[in-house]
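Read-outs: derived from the displayed coordinates by stated rules, not from any lab. Keep in mind that this is a model prediction, so the values were computed, not measured. Here the Cβ positions follow ideal geometry from the backbone for every residue, glycine too, while neighbour counts run over all protein chains shown.
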Amino acid sequence: MAAPGENLRINPDRLWDSLMEMAKIGPGIAGGNNRQTVTDEDGAGRHLFKRWCEAAGLEVGVDQMGTMFARREGTDPEALPVYVGSHLDTQPTGGKFDGVLGVLGGLEVIRSLNDLGIRTKHPIVVTNWTNEEGARFAPAMMASAVFAGIITQDYAYGRTDAKGKRFGDELERIGWRGEEPVGARKMKAFFELHIEQGPILEDEDIDIGVVTHGQGLKWLQVTLTGREAHTGSTPMPKRRNAGLGMARVIELVHEVAMDYQPEAVGAVGHMEAYPNSRNIIAGKTVFTVDIRSPDKAVLDEMDMRVRHGVELICEALDIEFEIEQVGHFDPVTFDAGCVKAIRDAAERLGYSHRNIVSGAGHDACWINRVAPTAMVMCPCVDGLSHNEAEDITKEWAGAGCDVLFHAVVETAEIVA
Ligand code: HGY
Ligand code: MN
Ligand code: MN
């Protein structure tokens, strides 16, 4: 089957307009977005996406985790569909492009096929995965993890946010709990377009990241319990300071990551101190350790060192600890055939490209367990993401979506 000609391109202006339209839903306070999963804002974004899909002639299905599947028929309805997508939920102080570019890029592929009157043998399904971010409800990539059989739907439904609300109840409340069983769908392949969320492509002035691997991740939720006491009248030796414990663990995580440079990373982004009063020694702290590495052995060693370090810190401070692993996936190797389709498309279209390992986690990391999967990346300004100032250019978005278009259409097989 001949590959699509290099003249086949998407409409970058239409893609950009859709990105800017979606960005109006769940605006942040500094130009980005706060459209957290299964909030009313998420619901509104889903309705807009559904309207656009139906206007493009797609049939929209929703599964019991709320993931949306918008299907364009192929000439052979029995042929396994090619899936393309990402996520519409954002961080609390997120950008306009993280995830959204991959969902609306998938829709742009459909819109371009419609414009060009191209039929494909395999159906194509544009996908919006629920709760990729894991900010409101851990773990990240939650719906794709249920789809891939990594975690159960009951576990996901029972996850609670900082206010104690259950994911399952919130999904029901916004009216996006579908009937379709999760994971029943079979795929020929899955492609995800995503911003790099790091500085490599921009620094090297490269248009396209051909994602060969994704680094592994562990999220450890740590609870330290000491004793609340007066910050003024309690002698230093008599304190059981959970706040000091958290500070020392944060330093430990940084030091452990620095021991495995240049790949490994580690930080603590989520921190809660109780009772969080100016003149009470924190009796309890709850925080999440985020450690990552492309090397499984390194990730496991970092995990072991952090756990051991927490034990020593708590012994010295006479405080108790609990550690719950609330997120984990091993380093991912994407499908060589799908990766080649992306690299060949970039070559054919005349875009500069390089292999790259994804620093961030993506739904593709889980879907790779159940179907041949690969990712396309485009640069982002200063490599910044998970920040309202996240930005890309229309050219970068267009180039990434052109490559996505070719990889998807080639895999779905154009019918002359
Ligand atoms: O945490 C991640 O890497 C992704 O943004 N959920
Ligand atoms: Mn993302
Ligand atoms: Mn993200």
In segment 69-106, what count of residues is obtained for those that are out of contact with any Phe, Trp or Tyr (no Cβ under 7 Å at 6 or more places or on another chain) and either over 10 Å from ASN128 (Cα atoms) or more than 16 Å from ligand 3 (Cβ to nearest atom) (or both)?
26
Exactly one condition in (1) in a helix (DSSP H, G or I); (2) within 26 Å of PHE191 (Cα to Cα) is not met by GLU315; state its number.
(2)
Select from segment 321-342 the residues that are surrounded by fewer than 20 Cβ atoms within 10 Å (Cβ to Cβ) and in a helix (DSSP H, G or I) and list them in ascending order.
ALA336, GLY337, LYS340
Could you tell me which of the residues ALA364, ALA371, ALA360 is assigned to a loop (DSSP other than H, G, I, E, B) and within 16 Å of ligand 1 (Cβ to nearest atom)?
ALA360
Can you tell me which residue in segment 32-53 is surrounded by the most Cβ atoms within 10 Å (Cβ to Cβ), limited to those that are in contact (Cβ under 8 Å) with a residue 24 or more places away in the chain and in contact with a Lys or Arg (Cβ under 8 Å, 6 or more places away or on another chain)?
ASN33
Of all the helices (runs of 4 or more DSSP H) wholly in segment 45-158, which have at least 1 residues that are within 13 Å of ligand 2 (Cβ to nearest atom)?
100-116, 142-147
Answer yes or no as to whether THR152 is of a type in the set (S, T, N, Q) and surrounded by 17 or more Cβ atoms within 10 Å (Cβ to Cβ).
no
From the list LEU317, LEU349, which one is more than 30 Å from GLY243 (Cβ to Cβ), touching a residue at least 40 places away in the same chain (Cβ under 8 Å) and in contact with a helix residue (DSSP H, G or I) (Cβ under 8 Å, 6 or more places away or on another chain)?
LEU349
Taking into account only those residues within segment 111-154 that are among the charged types (D, E, K, R) and in contact with an Asp or Glu (Cβ under 8 Å, 6 or more places away or on another chain), which is farthest from ligand 3 (Cβ to nearest atom)?
LYS121
Has segment 87-105 got at least one residue that is among the aromatic types (Phe, Trp, Tyr), more than 23 Å from CYS380 (Cβ to Cβ) and within 16 Å of ligand 1 (Cβ to nearest atom)?
no
Which residue pairs have Cβ atoms under 8 Å apart, sit 6 or more places apart or on different chains, and have a first residue in segment 387-416 that is over 15 Å from SER112 (Cβ atoms) and touching a residue at least 40 places away in the same chain (Cβ under 8 Å) and a second that is surrounded by fewer than 18 Cβ atoms within 10 Å (Cβ to Cβ) and of a type in the set (Ser, Thr, Tyr)?
ASN387/THR93; GLU388/THR93; VAL415/THR75
If you scan segment 263-300, which residues turn out to be crowded, with 17+ Cβ neighbours inside 10 Å and not in a strand (DSSP E or B)?
ALA264, ALA282, GLY283, PRO294, VAL298, LEU299
Could you list, ordered by first residue, the pairs with Cβ atoms under 6 Å in which the first is in segment 184-206 and within 15 Å of TYR351 (Cβ to Cβ) and the second is more than 16 Å from ligand 1 (Cβ to nearest atom) and among the polar types (S, T, N, Q), at least 6 apart or interchain?
ILE206/SER352
By residue number, the members of segment 402-416 that are assigned to a helix (DSSP H, G or I) and away from ligand 2 (no atom under 16 Å from the Cβ) are ASP402, VAL403, PHE405, HIS406, ALA407, VAL408, VAL409, GLU410, THR411, ALA412
Just to verify a result, which residue in segment 211-244, among those that are over 17 Å from the mean Cα position of the chain (by Cα) and in a strand (DSSP E or B), is farthest from PRO77 (Cα to Cα)?
HIS230
Out of VAL310, VAL256, VAL326, I need the residue that is out of contact with any helix residue (DSSP H, G or I) (no Cβ under 9 Å at 6 or more places or on another chain), of a type in the set (A, V, I, L, M) and under 15 Å from VAL222 (Cβ atoms). Which one?
VAL326
Quick one: is TRP176 of a type in the set (A, V, I, L, M, F, W, C), in contact (Cβ under 8 Å) with a residue 24 or more places away in the chain and within 16 Å of ligand 2 (Cβ to nearest atom)?
no
